[in-house]
1. Semi-axes of the range 177-317's equivalent ellipsoid from the Cα gyration tensor, sqrt of 5 times each eigenvalue, largest first, rounded to whole Å?
2. Compute a Gaussian network model of the chain, connecting alpha carbons closer than 10 Å, and tell me which residue from 130, 163, 83 fluctuates the most.
3. Using a cut-off of under 20 Å, list every residue of the range 51-77 whose amide N is near the label point 7 Å from the Cα of residue 299 along the Cα-to-beta-carbon line.
4. In a shell of Cβ-Cβ distance under 10 Å around residue 201, excluding residue 201 itself, what net charge do Lys and Arg (+1) and Asp and Glu (-1) give?
5. What number comes out for the charge environment of residue 181, summing +1 per Lys or Arg and -1 per Asp or Glu over other residues with Cβ under 10 Å away?
6. Report, to the nearest whole %, how much of the accessible area of the chain belongs to carbon and sulfur atoms, 1.4 Å probe, protein only.
7. What three numbers, in Å, describe the spread of the alpha carbons of the range 8-86 along their principal axes, ordered from the longest?
8. Compute the whole-percent fraction of alpha carbon pairs in the range 42-194 spaced more than 21 Å apart.
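The values are calculated or read from the model by the stated rules, or taken from the named source; none is laboratory data. Computed from a predicted model, the values in this text were never measured in an experiment. For neighbour counting, all protein chains shown are included, and Cβ atoms are generated from backbone atoms with ideal geometry for every residue, glycine included. With ligands, DNA and RNA removed, areas are computed over all heavy atoms of the protein, side chains included. Shrake-Rupley method; radii C 1.70, N 1.55, O 1.52, S 1.80 Å.
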Amino acid sequence: MEKTKTAQTVLGPIATADLGGTLSHEHLIASPPGVETDPNLVFDREGWLLKCIGEMKDLQAAGISTIIDPIPIELGRKVDFMADVARGSGINVICATGLYYERGPLQGFPVYYKMKTLEELTDLYITEIAEGIGPDKVKAGVIKCATSLDEIRKHETKALTAAARASKATGVPITTHTEAGTLGPEQLDIFEGEGLDPRRVTIGHCSDSADIAYLVSILKRGAYIGFDRIGLERWTEDETKVGVVSALVSMGYEKQIVLSHDNVGCMHGWSPRAFDPKRRFTYVSEEFIPRLKESGITDQAIHTMLVDNPRRYFEGE
């Protein structure tokens, strides 16, 4: 009998067949590095928890069963909070090990991790996957890594290399951050240089690019691409995203596209921002998918992107 394939959630492993509709890149909680040192910053855990549970129940009602939350280690990752949201809402939450980029508006990579060797960073990732994170030993189900705008810096290279080695050692896939939809092929160069199959990788934030040739250069290598900033129009408008997805589907690439928002439920320690009705967890289901259908994309292709592709991503197919 064939062994059941599983994905690791914050509440334990589940069969990949039970992932259902999956958003590939969302965040329940995030904060800039350093908030833990501010004695005047109050964290309303109960209030934020109730908010996130409510939003995840709304998401389930919209047809989504699973979210991947690839918040990196240094951006306020709270796996106990994620687990409580999962218990309270019934949604599957998959958390990450891994680090953010070195240079950008939300700079990550604290000095402590810059001091670690490649081998130490690899061991850290493997430990968080195999043994777990924090006192409750919540296990990571994906590996996160990131690159800066137009360059892959020294410690980012180390982190991407460690991610590839940890993925090969554990079978856990990788999801990445790219700035403005750049350097996806260069990220793959590092991964493939370590012998990692590109099918174990989602190149993130590809929806920030409208350059079909750039996107196809990633897809031809076998990786998944994340159209995971739907509703976030800093780099490309959603109408452009509809056109790009339609073009890629017409070219036969629907089996390598995953969808999401890159939304944040609780922005702890961040300055308040004006409310944008697109920045919600149900926007893909309620507004973007109907627009895809209006463009001619079939229900089957949408099912492929939301259900089949995340399942294959975790199965390594």
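1. In descending order the semi-axes read 24, 19, 14 Å.
2. Among 130, 163, 83, the largest GNM mean-square fluctuation belongs to 130.
3. Answer for the range 51-77: 60-65.
4. +1
5. Details: positive: 229; negative: 179, 208, 211.
It works out to a net charge of -2.
6. 51 percent
7. 44, 23, 19
8. Pairs farther apart than 21 Å: 47 percent.
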